[in-house]
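**Student:** Quick one: this structure, given as structure tokens, is what I'll be asking you about.
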Amino acid sequence: MKIIPNIISFFRICLVPVFVIVYFIDDNDIKFYAVLVYAVASLSDFLDGFLARRYQASSNLGKLLDPLGDKLMTFAVLVCITIDRPILIWAVLAMFVKELLMGVGGLILHKKANAQLLPANILGKASTVVFFVVCVTIMLLRDLPEGATIAMIAGAIALMFLALASYIIAYIKIMKNREK
């Protein structure tokens, strides 16, 4: 049973190129099939986490595959949308900076404090859900005004940075406790 969450995470990683291909093959204004692939990937993220917790099937490989699958799909979705709507290039850069800060912070914490990576908190989970809803809305409602698209993406990214701030605060607390 321990391997099932890892297989699901690997499956999600395999869905990334499928999403990209389906996104650009779909000539319709509504990217229904791309949304469907994205939804399957998102549900698989929930499922692998649920199974890993429920059956204590967490593993070091899973701790790598799960966030890797999340990040790859998130970037793929955002980059595909940005190719369609170049006004969102700043969003890709903001997302990259956020993920870089998160990765560097995790490495520093691991090296300096020999601490485990923090699990997702409520803000991190909420930002993931909001990002999913925003991207699906943008893919399905192709006639959204540019201002609405920008506002929705900005709100989703602001929530992601708020989640990042909560992780930074948690990391600082861990570092202070390690120094005592």
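**Student:** Please list, ordered by first then second residue, the pairs with beta carbon atoms under 6 Å, 6 or more apart or interchain, first in the range 35-56 and over 10 Å from residue 5 (Cβ atoms), second surrounded by fewer than 21 Cβ atoms within 10 Å (Cβ to Cβ) and β-branched (Val, Ile, Thr).
**Tutor:** Filtered contacts from the range 35-56: 35/136; 37/18; 37/22.
**Student:** Can you name every residue in the range 27-58 that is more than 23 Å from residue 127 (Cα to Cα) and of a type in the set (A, V, I, L, M)?
**Tutor:** Residues satisfying the conditions are 30, 57.
**Student:** Give me the residue from the range 160-171 that is out of contact with any Leu (no Cβ under 7 Å at 6 or more places or on another chain) and touching a residue at least 24 places away in the same chain (Cβ under 8 Å) and, out of that set, nearest to residue 124 (Cα to Cα).
**Tutor:** Start the filter on the range 160-171 by keeping residues that are out of contact with any Leu (no Cβ under 7 Å at 6 or more places or on another chain), which leaves 160-161, 165, 168-169.
From what is left, the residues that are touching a residue at least 24 places away in the same chain (Cβ under 8 Å) are 160-161, 168.
Working: 160: 7, 161: 9, 168: 12 Å.
Once the filter is applied, the top-ranked residue is 160.
**Student:** Can you find, within the range 1-55, the residue that is modelled with the highest pLDDT among those that are exposed (fewer than 14 other Cβ atoms within 10 Å of the Cβ) and touching a Lys or Arg at 6+ places or on another chain (Cβ under 8 Å)?
**Tutor:** 55
**Student:** Quick one: in the range 124-153, which of the residues that are without any contact (Cβ under 8 Å) to a residue 40 or more places away in the chain, small (Gly, Ala, Ser) and surrounded by 14 or more Cβ atoms within 10 Å (Cβ to Cβ) is nearest to residue 81 (Cα to Cα)?
**Tutor:** Only one residue tops the list, namely 127.
The values are calculated or read from the model by the stated rules, or taken from the named source; none is laboratory data. On a predicted model such as this, the values are computed, not experimentally measured, just so you know. We place every Cβ from the backbone using ideal geometry, glycine too, and count neighbours over all the protein chains shown.
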